[in-house]
Amino acid sequence: MTSHRILLIDDEIDIRMVVKATLELVGGMQVSVATSGEEGIKKAESEQPDAILLDMMLPDMDGSKTLENLQQNSKTCQIPVIFLTAKTQIAEQHYSSHVGAIAVITKPFDPALLSDQVATALGWSLSPT
């Protein structure tokens with residue numbers, strides 16, 4: 001069975017390192033990273049990941065604008081997106097569901113639970129490691 005491929009778009013190096021290590025080691029997923037919305041869109045087009053974890057606050061364009069661009073692109077519009085954000089207010093989560101993200105995972109997150117949260121949001125079952 002091929003492992004699921006995740007594209008992580010986040011500008012914080014510590015978050016990228018923890019998410020990548022956790023999803024790969026605990027979840028058995030393949031994770032590629034992008035540090036900006038623009039880089040993320042290009043990688044999503046070329047790599048065609050199974051899902052995208054997208055930070056809400058990015059330096060070049062915010063997560064909402066990045067998601068909007070992904071959804072308007074015929075090469076990336078079918079890729080499910082999960083917001084990864086420190087913006088935890090109910091209004092932000094409500095807004096996220098209306099702009100097309102399938103789930104919101106809040107920062108700080110528990111690395112021990114992250115793989116399960118991602119898999120549950122996407123309807124995937126994790127194979128035992």
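Can you tell which of S74, S32, S3 is without any contact (Cβ under 8 Å) to a residue 24 or more places away in the chain and among the hydroxyl-bearing types (S, T, Y)?
Selected residue: S74, the only one of S74, S32, S3 that is without any contact (Cβ under 8 Å) to a residue 24 or more places away in the chain and among the hydroxyl-bearing types (S, T, Y).
Please specify each residue of the stretch 42-72 satisfying the condition of being outside any helix (DSSP H, G or I) and small (G, A, S).
Selection gives A51 alone.
Is there a residue being aliphatic (A, V, I, L, M) and within 18 Å of T106 (Cα to Cα) anywhere in the stretch 29-48?
No: zero hits.
Taking the residues in the stretch 30-55 that are within 16 Å of H4 (Cα to Cα) and β-branched (V, I, T) as candidates, determine which candidate is surrounded by the most Cβ atoms within 10 Å (Cβ to Cβ).
This residue is I52.
For the stretch 22-41, how many residues meet the condition of being in a helix (DSSP H, G or I), aliphatic (A, V, I, L, M) and over 14 Å from the mean Cα position of the chain (by Cα)?
Qualifying residue count, the stretch 22-41: 1.
Which condition number does T2 fail, the rest of (1) assigned to a helix (DSSP H, G or I); (2) surrounded by fewer than 20 Cβ atoms within 10 Å (Cβ to Cβ); (3) at pLDDT below 95 being met?
Failed condition: (1).
The values are calculated or read from the model by the stated rules, or taken from the named source; none is laboratory data. Not measured: the values here are computed from a predicted model. Positions of Cβ are generated from backbone atoms using ideal geometry, with glycine treated the same way; all protein chains shown enter the neighbour counts.
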